Amino acid sequence: MKDTLKPGIRYEHKFLIPPTKTVPALYPESPEFQAMPEVFATGFMVGFLEWACIMAIKPHLDWPTEQSLGTHINVSHEAATPPGLEVTATVELLAVEGRKLTFSVSAHDGIDLIAQGTHERFVIDKERFDNKIRNKKQAR
């Protein structure tokens, strides 16, 4: 982690919602999901917020050997967004406690505030993490 990784880092990320990021696309194996409305899925929205946080801190890490993984998310999903609308995530790094990072996150679709809350990430050493996962797979 670089010395520049400090609270106050802000980032805005935009994404045009395609049909592949709607509720039915979240779990194509599920007939229940297939019957649901074609709007931006909460699961994909969470990923979008994580993406914005990654982009915010990427210049402040020794990328790609250092990365971050989401460890906690507490967000509301306040309004439905159909495909074709552009969403904007706004994130701010609130706290750095060792390798634990806490963000304020929100998203807007140009009409409504669609999400707000907090997100925590943990800075990892990619090679060390990959080794742990490899060992876990071999242990099963």
Note on the stretch 6-45: residues closer than 21 Å to Val105 by Cβ, touching a helix residue (DSSP H, G or I) at 6+ places or on another chain (Cβ under 7 Å) and hydroxyl-bearing (Ser, Thr, Tyr) are Tyr11
Subset of the stretch 74-88, residues closer than 14 Å to Arg121 by Cβ and surrounded by 17 or more Cβ atoms within 10 Å (Cβ to Cβ), comes to Val75
Just one listed residue, out of Ala35, Ala52, is of a type outside the set (S, T, N, Q) and exposed (fewer than 12 other Cβ atoms within 10 Å of the Cβ), and it is Ala35
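Yes/no per residue for (1) touching a Leu at 6+ places or on another chain (Cβ under 8 Å); (2) of a type outside the set (Gly, Ala, Ser):
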{"position": "Gly8", "(1), (2)": "yes, no"}
{"position": "Pro19", "(1), (2)": "no, yes"}
{"position": "Leu26", "(1), (2)": "no, yes"}
{"position": "Ser30", "(1), (2)": "no, no"}
{"position": "Ala35", "(1), (2)": "no, no"}
{"position": "Val39", "(1), (2)": "no, yes"}
{"position": "Gly43", "(1), (2)": "yes, no"}
When (1) part of a strand (DSSP E or B); (2) exposed (fewer than 13 other Cβ atoms within 10 Å of the Cβ) are applied to Glu127, the one that fails is (1)
Of the residues in the stretch 91-124, those that are outside any strand (DSSP E or B) and surrounded by fewer than 17 Cβ atoms within 10 Å (Cβ to Cβ) number 5
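A short reminder: the numbers here are calculations on the coordinates, not readings from a lab. Quick caveat, the model's predicted, so the values are computed rather than measured. We place every Cβ from the backbone using ideal geometry, glycine too, and count neighbours over all the protein chains shown.
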